[in-house]
Amino acid sequence: MANTPAETIATIRRLFLDRGHAEYGGEAVSQLQHALQAAHLARQSGADPSLITAALLHDIGHLLHDLPEDAAEQGIDDHHEGLAGRWLSQHFGPAVVDPVRLHVAAKRYLCAVEPSYRDQLSPPSQLSLQLQGGPMSAEEVERFRSSPHHEAAVSLRRWDDEAKDPNTAVPDFDTYLPVLEAALISADAPRADP
C-alpha cells in the first residue's frame, strides 16, 4: 500500500478517536480504553515496539466493521481478528500482524492447556469463546504452537484479558505515536532471506 507512515498513523488515530468510544463488547470499558490499557500493560512488561503496537491495535477489527456492539450477544462472531490481520498486513510486518491475528486463537489455546484459565475470563469473553470455537483440540494446540509468534500472541491475550478496568488511568493515544512509527519503520526494514 502506498501510504506513508504518517498517513497510516493518522488513519489509525482517526479510527480510534472517531470510533473508539464505542462499548467494548459488553465490558465496562470502551474500545479505546481497552486498547490503551492493553498497550500500557505491554509497555510495562518491557515488550518491544512491535508487540506494544499489536497490543494497542489487537481489536482494531471491531472499528473496521459495521456490526452492532452486541454482535456476540446476538450469536454473531465478527471475526475481528482476521479483519484486523488483513488490514494491518497492509501496513505492518508479521511481528505486529501475527499476534493480532492469533489473539483469539490464543484464548482458545489457553482454555485447552490451562484448565483454570477459562474460569478467569469475563462473562462477555466466555460468550465470545463459544462463538469462536471453544477450547482448542490437541491438534489445534500443536498447530498453534507451530506459529513463530504464538508466544507473543499468548502474552497479548493475557494483556487483553486484564485490560478491562474502567478505573485504570493510562497514557492517552498520542503517547503511542512514536511506538507506532517505530513498528512501521521496522516493518519497512529489509528482511533477511530464510
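Note on Q120 and Q90: the extension gain reaches 7.4 nm, defined as 0.36 nm multiplied by sequence separation minus the Cα-Cα distance.
For the range 78-175, a simple Cβ point-charge model (Lys and Arg +1, Asp and Glu -1, everything else neutral) yields a dipole of about 240 debye relative to the Cα centre. Compute the Cα gyration tensor for the range 4-49, then decide on rounded, prolate or oblate, letting a ≥ b ≥ c be the square roots of its eigenvalues: rounded whenever a/c is under 1.5, prolate when a/b is larger than b/c in the other cases, and oblate in all that remain. It is oblate, given that a/c is not under 1.5 and a/b is not larger than b/c. Taking each DSSP H run with n ≥ 4 as -39500 (n - 2.57) and averaging over every residue of the chain yields -18000 deg cm²/dmol at 222 nm. On the beta carbon distance between R143 and Q44, with R0 = 35 Å, the FRET formula returns roughly 0.70. If you model the chain as an ellipsoid using its alpha carbon gyration tensor, with each semi-axis the square root of five times an eigenvalue, the axes come out at 24, 21, 16 Å, biggest first.
For E151, the solvent-accessible surface computed with a 1.4 Å probe is close to 130 Å², ligands and nucleic acids excluded. When each of the peptides 165-172, 125-132 is scored by the mean number of other C-beta atoms lying within 10 Å of its residues, the order from highest to lowest reads 125-132, 165-172.
With both labels modelled 7 Å from their Cα along Cα-to-Cβ, the T168 to E181 distance reads 2.7 nm. So, in nm, how far is label A6 from label V113 when the simple model puts each one 7 Å beyond its Cα toward the Cβ? With each label point 7 Å from Cα toward Cβ, the separation is 4.3 nm.
The values are calculated or read from the model by the stated rules, or taken from the named source; none is laboratory data. Quick caveat: nothing in here was measured; it's all calculated off a predicted structure. Positions of Cβ are generated from backbone atoms using ideal geometry, with glycine treated the same way; all protein chains shown enter the neighbour counts. Keep in mind that these areas ignore ligands, DNA and RNA; they rest on the heavy atoms of the full protein, side chains included. Shrake-Rupley method; radii C 1.70, N 1.55, O 1.52, S 1.80 Å.
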